[in-house]
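The structure appears right after this line, and notes come after that.
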Amino acid sequence: MSVLLGQILDALGGELLGGGRELQILRIAPLDSSGHGDLSFLSNPRYRQQLAASQAACVIVAPAMREEAQARGACIVTDDPYAYFARATQWWKVQHAGAALRGIHASAVVHESAVVHESAYVGPLCVVEANARIGAGTMLKSRVTLGEACEVGERCILHPGVVIGADGFGFAPSKGAWIKIEQLGRVRIGNDVEIGANTCVDRGALDDTVIEDGVKIDNLVQIAHNVHIGAHTVIAGNTGIAGSARIGAHCQIGGAANILGHLTIADGTVISPTSMVTRSLPKPGFYTGIFPLQENEQWEKNAATFKQLYVLRERIKKLEQTLANDQRSNNGN
Amino acid sequence: MSVLLGQILDALGGELLGGGRELQILRIAPLDSSGHGDLSFLSNPRYRQQLAASQAACVIVAPAMREEAQARGACIVTDDPYAYFARATQWWKVQHAGAALRGIHASAVVHESAVVHESAYVGPLCVVEANARIGAGTMLKSRVTLGEACEVGERCILHPGVVIGADGFGFAPSKGAWIKIEQLGRVRIGNDVEIGANTCVDRGALDDTVIEDGVKIDNLVQIAHNVHIGAHTVIAGNTGIAGSARIGAHCQIGGAANILGHLTIADGTVISPTSMVTRSLPKPGFYTGIFPLQENEQWEKNAATFKQLYVLRERIKKLEQTLANDQRSNNGN
Amino acid sequence: MSVLLGQILDALGGELLGGGRELQILRIAPLDSSGHGDLSFLSNPRYRQQLAASQAACVIVAPAMREEAQARGACIVTDDPYAYFARATQWWKVQHAGAALRGIHASAVVHESAVVHESAYVGPLCVVEANARIGAGTMLKSRVTLGEACEVGERCILHPGVVIGADGFGFAPSKGAWIKIEQLGRVRIGNDVEIGANTCVDRGALDDTVIEDGVKIDNLVQIAHNVHIGAHTVIAGNTGIAGSARIGAHCQIGGAANILGHLTIADGTVISPTSMVTRSLPKPGFYTGIFPLQENEQWEKNAATFKQLYVLRERIKKLEQTLANDQRSNNGN
């Protein structure tokens, strides 16, 4: 199934150069593997050498690339090629898959007290518990659980296997065993939030767990009870955020990162993947704690040395003192 | 919906001071955010300065805080305020949500040979396979899979998405490919065990995977085949425990920790979050292996240095020898 | 339910010594816990001292162990005891559980446009979306989601909770928010692939995510969009592989390892568990990046020192220079 380039321009705007609106577009494709019939894009000037070589029918480019792109063939010039490309994928999907689904799939189990907006979608084998609320245009793909009294805003996407509102992990120690602390809070999710497959967001212990507008969370992420995630923060896969951590807005948390509980992370903070955050980060910045990878043989030597690292420091200190004493006594001579 | 303070005292005991049984309680709330109508608690003396400032209708405190608390207003004095608070949340939940669910939801798929206690609950869209057994008072929330011949004891809670009894990860290498080792063991889970959302416990290869009484496991945890977890151990989210590891009783495993296979961890061991356990820990203790977080620029320098750490040690050794030789020759002068 | 040893030999071959075909086998069991009626195996010569002590009815051994094993009692001699054992578990399972299931469970939600081979199995409460394809002999255990247009080859096993074909994590930044990049690619999975419980494999952004023949993936693994995994690679639990990473064939990725996006890993590479791969590995080898575990008190000192590691290096450099200068001036005397 193909579309005409003119249809894309009519829908998304942009300036067409070096080609015609009647060009047939069969696919949207990455620049380095694009061929005839493909619409592609160049957003990072680092890849400009791929432009000349590309067989794409049309390439989306920034104004700075105008001449270079036009020399090659058809191009769409737009201020933000990457955002244009993103909107093109959305338009493409609607053309090919039709309008977004709405309504409640017959196999879903939705409690009679739950409030599901008429434009929302609850997919196959989802569970929506009592008094849960789902806003306009929100989609629960297949096999999502939305727990009791939890709320999801508008235009959200919850991917398969997501669990919103399971109990937070709270127990009081007593005589060598653990007494369950019933989790009486809820989960409240804002608008335009996307949550990846099999990710879990626990309900709060007493207050609520809160995810603000525009947050994007990848697959298999664990969000513990009473976490608060600020607007437009992105969190990559396998990450864990412990109880009552407060993550700012516009943060970027790398994959498999972990954040201890009861911390505060400043707006706009960037955390590298697999890094462990053990203290609050009141100052936005770019923070990393990745163990370097080495050939195993090298690693074994370095890891063994690491275990005596502060001993090494003491030895250096002693060497410095010895040398200083030597020099003093030499000077004293 | 409110309750009277007297109802709580009647149910849970404790000594009421500085206030009346007719006080209306609307909520259980954390001390620092509590207001009129809230029941709160103070278990950690570190937060005692929050006590005087709190607007809570009533605060649960230890005997040592008796005067301080009474001066502020109504308080319940009890030996273990945190445990009292935990029981209060349980009582609260029953008041508001009613008695625990029981029975098998119409949408669950339960094999005819499975044995489900009449007081147990199998929630929406769960799967209970052949010859599985579920004890009294145990709850499978929505979308749990309990595999063939696996057993869950009494009063357990399995949260949504839990998978008990998938095949362990066992393959024999043969001619560049892998031959599946069918996993013929089961999973046996004791009483009073709680297992978090989307956590997986694999069946044993030949013998069983065993989780003893009172174990609490958080979300997205991976328990491999033939692991044995001792009673009352708690395991936080995203943790992975490899095959045939034997974890003692009363251990505390931090989030995103990992434990290699075929190890033994002593009773009462505490493992910090994100730590990797590569050897048996026969002695109980508090073990840590967290990579320190730094600003990325600092990290880059330190990580690069780390890769030559044992070379640095050799250089220190050489310096020490040179200095020792110098001093010896000086002394020899 | 027991079988006769002769039945196993008839099915799997091997040379029987020191015992009779009429021996009753009740169980397959590990050598160190085997007893009367058990079939066991010895594949690693390191455990040969367990052989003499074993009560097993029959032990599978390699030719080198022939005399030792026969002296003890019945044994099956075969070139690869571990592979023989694996095939014995498969045979055992068929004897006890019957032939593999086939067909579509009544509770599964399978789109009318999906193509499911008649010998495949789609278990309870699975979701198979439009235009998905499932090959001969493939089994989707309970509660699996196979997304739109995704393909799974022959003889694969997808364990409960697996999500194939959720959207990859792709967003274009725009004015402080994120625009969704619709994920238009698919997931294509080869033959003889096994995927563990609650593991996620995202669909490609434009091109496809590809998992080649014979790959084995454990539980709770995250495979991001456009990843390519070569044939017969094994990936242990909790691992994360970021977008567009290209993993070679015959690799072994340890549990909770992480691999950054857009990297290439050579065929036959071995990555230790919990290691983070931040660069391409064009040369096959054995790579490790594990933070050493220590008692917390030791760790605190070493971690604090680590934060100044490059400062220590500078101090060593300075010591070396000072000493060299000293010696030069001494020599100059």
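The values are calculated or read from the model by the stated rules, or taken from the named source; none is laboratory data. Please read all numbers here as calculations on a predicted model, not as lab measurements. Ideal geometry is used to build each Cβ from the backbone, glycine not excepted, and the neighbour counts take in all protein chains shown. Surface accessibility is based on the protein's heavy atoms, side chains included, excluding ligands, DNA and RNA. Shrake-Rupley method; radii C 1.70, N 1.55, O 1.52, S 1.80 Å.
Return a yes/no flag: does segment C:205-227 have any residue that is closer than 24 Å to C:Gly123 by Cβ, within 9 Å of another protein chain (Cβ to nearest Cβ) and free of Cβ contacts under 8 Å to residues at least 24 places away in the same chain. Yes, there is a match, as at least one residue in segment C:205-227 is closer than 24 Å to C:Gly123 by Cβ, within 9 Å of another protein chain (Cβ to nearest Cβ) and free of Cβ contacts under 8 Å to residues at least 24 places away in the same chain. The set of residues in segment B:109-126 being on the phi < 0 side of the Ramachandran plot and part of a loop (DSSP other than H, G, I, E, B) consists of B:His111, B:Glu112, B:Ser113, B:Ala114, B:His117, B:Glu118, B:Ser119, B:Ala120, B:Gly123, B:Pro124, B:Cys126. Residues of segment B:4-27 that are over 14 Å from B:Ala74 (Cβ atoms) and open to solvent by less than 50 Å² (accessible area, probe 1.4 Å): B:Leu12, B:Gly13. In this structure, is C:Lys93 out of contact with any Lys or Arg (no Cβ under 8 Å at 6 or more places or on another chain), facing chain B (nearest Cβ under 9 Å), among the basic types (Lys, Arg) and farther than 24 Å from C:Gln7 by Cα? Judged against the criteria, C:Lys93 is not a match. Taken over segment A:312-322, residues that are more than 8 Å from every other protein chain (Cβ to nearest Cβ) and either buried (at least 17 other Cβ atoms within 10 Å of the Cβ) or closer than 17 Å to C:Tyr310 by Cβ (or both) amount to 1.
Out of all the residues in segment B:102-112, is one or more surrounded by fewer than 20 Cβ atoms within 10 Å (Cβ to Cβ), closer than 25 Å to C:Ser107 by Cα and facing another protein chain (nearest Cβ under 8 Å)? Yes.
Against the conditions (1) among the small types (Gly, Ala, Ser); (2) more than 27 Å from C:His232 (Cα to Cα); (3) touching a residue at least 12 places away in the same chain (Cβ under 8 Å); (4) in contact with an Asp or Glu (Cβ under 9 Å, 6 or more places away or on another chain), C:Gly165 satisfies every one except (2).
Scanning segment A:241-251 for residues that are open to solvent by 10 Å² or more (accessible area, probe 1.4 Å) and closer than 19 Å to B:Phe291 by Cβ yields a total of 1. Within segment C:28-39, restricting attention to residues that are open to solvent by 40 Å² or more (accessible area, probe 1.4 Å) and of a type outside the set (D, E, K, R), the residue that is farthest from B:Gly204 (Cα to Cα) is C:His36.
Out of the residues in segment B:131-143 meeting the condition of being open to solvent by less than 20 Å² (accessible area, probe 1.4 Å) and more than 9 Å from every other protein chain (Cβ to nearest Cβ), tell me which one is farthest from A:Leu125 (Cα to Cα). Ranking the candidates gives B:Gly135 first.
Scanning segment A:166-195 for residues that are more than 7 Å from chain B (Cβ to nearest Cβ) and under 16 Å from A:Leu206 (Cβ atoms) returns A:Gly168, A:Gly170, A:Gln183, A:Gly185, A:Arg186, A:Val187, A:Arg188.
As for segment A:239-250, it holds at least one residue that is in a strand (DSSP E or B) and of a type in the set (Lys, Arg). Against the definition (in a loop (DSSP other than H, G, I, E, B) and of a type outside the set (S, T, N, Q)), how does B:Arg188 come out, yes or no? The answer is no for B:Arg188. Scanning segment C:1-46 for residues that are free of Cβ contacts under 8 Å to residues at least 60 places away in the same chain, in a helix (DSSP H, G or I) and under 28 Å from the mean Cα position of the chain (by Cα), we see that the one that is farthest from the other protein chains (Cβ to nearest Cβ) is C:Pro45.
State the number of residues belonging to segment C:289-305 that are among the β-branched types (Val, Ile, Thr) and assigned to a loop (DSSP other than H, G, I, E, B). Number of matching residues: 1.
Conditions tested, residue by residue: (1) within 11 Å of chain C (Cβ to nearest Cβ); (2) loosely packed, with under 15 Cβ neighbours inside 10 Å; (3) free of Cβ contacts under 8 Å to residues at least 60 places away in the same chain; (4) farther than 19 Å from C:Gly289 by Cβ.
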| position | (1), (2), (3), (4) |
| --- | --- |
| A:Ala257 | yes, no, yes, no |
| A:Met276 | yes, no, yes, no |
| A:Pro282 | no, yes, yes, yes |
| A:Tyr310 | yes, no, yes, yes |
| A:Ala324 | yes, yes, yes, yes |
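Looking at segment B:291-307, which of the residues that are open to solvent by 10 Å² or more (accessible area, probe 1.4 Å) and touching a Ser or Thr at 6+ places or on another chain (Cβ under 6 Å) is farthest from C:Gly289 (Cα to Cα)? Among them, the one singled out is B:Asn296. The condition (being away from every other protein chain (no Cβ under 11 Å) and in contact with a Pro (Cβ under 7 Å, 6 or more places away or on another chain)) is satisfied by just one residue among A:Val122, A:Val163, A:Val115, A:Val61: A:Val61. Scan segment C:56-72 for residues that are under 32 Å from the mean Cα position of the chain (by Cα) and among the polar types (S, T, N, Q) and the total you get is 0. Scanning segment C:228-240 for residues that are away from chain B (no Cβ under 12 Å) and crowded, with 24+ Cβ neighbours inside 10 Å yields a count of 1.
For B:Val152, the stated conditions hold: it is surrounded by 24 or more Cβ atoms within 10 Å (Cβ to Cβ), touching a residue at least 40 places away in the same chain (Cβ under 8 Å) and in the same structural domain as B:Ala120 (by TED's automatic domain parsing). Whether a residue is assigned by TED's automatic domain parsing to the domain that holds A:Gly165 and either under 18 Å from B:Met276 (Cα atoms) or of a type in the set (S, T, N, Q) (or both) was assessed, and A:Ala256 passes this test. Going by the conditions given, is A:Ser43 open to solvent by 50 Å² or more (accessible area, probe 1.4 Å), of a type outside the set (A, V, I, L, M) and modelled with pLDDT under 90? Spelling it out, A:Ser43 is indeed open to solvent by 50 Å² or more (accessible area, probe 1.4 Å), of a type outside the set (A, V, I, L, M) and modelled with pLDDT under 90.
Okay, residues lined up against (1) surrounded by fewer than 24 Cβ atoms within 10 Å (Cβ to Cβ); (2) in a loop (DSSP other than H, G, I, E, B); (3) at pLDDT below 95:
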residue	(1), (2), (3)
C:Trp178	yes, no, no
C:Val201	no, no, no
C:Asp213	yes, yes, no
C:Gly261	yes, yes, no
C:Asp267	yes, yes, no
C:Tyr287	yes, no, no
